[in-house]
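K.L.:
One structure coming up, written as structure tokens, with questions to follow.
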Amino acid sequence: MISLHGLTKVFAGGVRALDAIDLTIADGEFFALLGPSGCGKTTLLRTIAGLETPTSGTIRINDTDVTSLPPGRRDVAMVFQDYAIFPHMSVADNIAYPLRIKKVPRAQRTARAAEVAATLSLGGLLDRRPSQLSGGQQQRVALARAIACHPRAFLFDEPLSNLDARLRLEARTFLKRLQRDLAVTTVFVTHDQAEALALADRIAVMSNGRMVQVGSPTDVFQRPATTFVAAFIGSTPMNLLPGKIADGALHVAGATLPSPTGLPDGTDIVYGVRPEYTDLTTTERPDAFPGAVSVLENLGTSTLVTLETAGPLIQTVVPEGDEPRLGTRAWAVPRRALIYRDDLLHTTAP
Ligand code: ATP
């Protein structure tokens, strides 16, 4: 278990990279830190690893306060974006390196390296140098090295980011299975929302050194706490449309919808609807967003349709074969939506 209390990091120059973070990661949990560039993800991971000293706050691993312990005594293994495997060492020596540092006898570390290499399908590559390996194999060597010393936690900083798209998907599935089998607490930094949704038991969405929302992938996808989270999560961005309550109804982007409970006339809201949670029709209806079909993007088994309206653009996803013609008038009917007031989730609709 990793618990953080009031963790703050202010860098020289005044950048507040972490701002009073409180968080408990459960034993065995796969936890993703997600957020845009510069939000503090890497700083948080490095602080847990002991590579940065917090300005204030504490870090506990299980029952031990490790805040002032050096990295080597925290018993966590970190895998970086660039793997940092040693080019002059064989695969076997790379994997066994942390055991050498711990003064494990040679025969034992060779056996352990071979055993871990086998679980990562690196068995036949033990004598090769990193330069003789593919990117995916190098990444597995870095993972094997992290696994070899039975750490209490894995800390991963974008470990898949150097892989091409296809290999990245394969490595993702592999990593998820591996983590499940080893059941070691894992903190995983990524800026890729799809990766976080696919891998994590829970996700913390970060912005400006703070955690905006912590929850399961379903929580952050279905009930994003703020419009920032709503805009960040999802392969096609959520439509976030300004609206107003008037005459007991909700008026948004040319549609008249039932007013959400508890909101008086005159309230400004933001109506959030995912492109996947809309239906497109060519028949006019008052409870749908009208627009002109301006762009069609092929997504494989579906098509992303952009409607040009008097206000913001509205995007909707239609199944293959149901594409409207460019330039025609169409209506996007919301099926499932979120209503934000003062930037906070107020309720779900309809
Ligand atoms: P990315 O996805 O781009 O790696 P990140 O979310 O991991 O971003 P951090 O690297 O944690 O972000 O940086 C958080 C903030 O702290 C940024 O504004 C960054 O410029 C700043 N920062 C990071 N390291 C230092 C440092 N050594 N000195 C001063 N400022 C720093």
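K.L.:
For region 231-323, with all protein chains present and a 1.4 Å probe, just round the carbon and sulfur fraction of the accessible area to a whole percent.
P.N.:
Within region 231-323, the accessible surface is 53 percent carbon and sulfur.
K.L.:
Just to confirm a number: summing +1 for Lys and Arg and -1 for Asp and Glu over residues other than residue 33 whose beta-carbon lies under 15 angstrom from that of residue 33, what do you get?
P.N.:
Details: positive: 9, 41, 46, 202, 210; negative: 19, 22, 29, 52, 157, 158, 192, 195, 201.
Around residue 33, the charge tally is -4.
K.L.:
Choose one answer from 162, 298, 208: the residue with the largest mean-square fluctuation in a GNM of the chain with alpha-carbon springs under 10 Å.
P.N.:
Of 162, 298, 208, the Gaussian network model singles out 298 as fluctuating most.
K.L.:
Give the calculated FRET efficiency between residue 219 and residue 164 to the nearest 0.05, with a Förster radius of 25 Å applied to their Cβ-Cβ distance.
P.N.:
0.20
K.L.:
Of the DSSP beta bridges with both residues in the chain, give the percent that are antiparallel, rounding to the nearest 5.
P.N.:
If I count the DSSP bridges inside the chain, around 80 percent turn out antiparallel.
K.L.:
Moving to a separate point now. Given charges of +1 on the Cβ of Lys and Arg and -1 on the Cβ of Asp and Glu, with all other atoms neutral, how large is the dipole of the chain about its Cα centre, in debye to the nearest 20?
P.N.:
Numbers: 35 positive and 35 negative charges, 336 e Å.
Rounded to the nearest 20 debye, it is 1620 debye.
K.L.:
Continuing with the same structure: Is the shape of region 218-305 rounded, prolate or oblate, going by the alpha carbon gyration tensor and its root eigenvalues a ≥ b ≥ c, with a/c under 1.5 for rounded and a/b larger than b/c for prolate?
P.N.:
Note, shape of region 218-305 comes out oblate.
K.L.:
Apply the Kirkwood formula to the chain: the hydrodynamic radius equals the inverse of the mean of 1/r over all pairs of different alpha-carbon atoms; give it in Å with one decimal.
P.N.:
Details: mean 1/r = 0.0439 Å⁻¹.
Here the Kirkwood hydrodynamic radius works out to 22.8 Å.
K.L.:
Which value, in debye to the nearest 20, gives the size of the charge dipole of region 133-253 about its Cα centre, when Lys and Arg are +1 and Asp and Glu are -1 at the Cβ?
P.N.:
Using only the charged Cβ atoms, the result is roughly 280 debye.
K.L.:
Show me, for region 56-71, the HN-Hα J-couplings you get by feeding each phi into the Karplus relation (A = 6.51, B = -1.76, C = 1.60, θ = phi - 60°), rounded to Hz, glycine and proline as x.
P.N.:
Per residue, the Karplus-derived 3J(HN,Hα) values read 8, x, 10, 10, 10, 10, 6, 9, 9, 7, 9, 3, 9, 7, x, x Hz.
K.L.:
Across region 177-190, in residue order, what do the Karplus-derived ³J(HN,Hα) couplings come to in whole Hz, using 6.51 cos²θ - 1.76 cosθ + 1.60 with θ = phi - 60° and x for Gly and Pro?
P.N.:
Ordered by residue, 3J(HN,Hα) equals 5, 4, 5, 5, 5, 7, 6, 9, 3, 10, 10, 10, 8, 8 Hz.
K.L.:
Non-local amide H neighbours of residue 279 (under 5 Å, H modeled in plane, Pro and chain starts lacking H): which ones?
P.N.:
Placed amide hydrogens put 333, 335 under 5 Å from residue 279.
K.L.:
OK, next. With θ set to phi - 60° and the Karplus curve 6.51 cos²θ - 1.76 cosθ + 1.60, what are the ³J(HN,Hα) couplings of region 201-218 in order, to the nearest whole Hz, using x for Gly and Pro?
P.N.:
6, 9, 10, 10, 8, 10, 8, 6, x, 10, 9, 7, 7, 10, x, 5, x, 5
K.L.:
Would you mind telling me the share, in percent, of accessible area of region 2-154 contributed by carbon and sulfur at probe 1.4 angstrom?
P.N.:
About 51 percent, which is the carbon plus sulfur part of the accessible surface.
K.L.:
How much length, in nm to one decimal, is gained on full extension between residue 309 and residue 198, taken as 0.36 nm per residue of separation minus their Cα-Cα distance?
P.N.:
36.6 nm
K.L.:
Quick query: amide H of residue 295 versus all other amide H atoms, modeled in the peptide plane; which residues come in under 5 Å with a sequence gap of 5 or more or a different chain?
P.N.:
Residues meeting the amide H criterion: 306.
K.L.:
While we're here: Which FRET efficiency, nearest 0.05, do residue 182 and residue 69 yield, Cβ-Cβ r, R0 25 Å?
P.N.:
Here the calculated transfer efficiency is 0.60.
The values are calculated or read from the model by the stated rules, or taken from the named source; none is laboratory data. In this text the structure is predicted, and so the values were computed from the model without any measurement. Glycine also receives a Cβ, built like all others from the backbone with ideal geometry; neighbour counts cover every protein chain displayed. Only protein heavy atoms, including side chains, enter the accessible area calculation; ligands, DNA and RNA are left aside. Shrake-Rupley method; radii C 1.70, N 1.55, O 1.52, S 1.80 Å.
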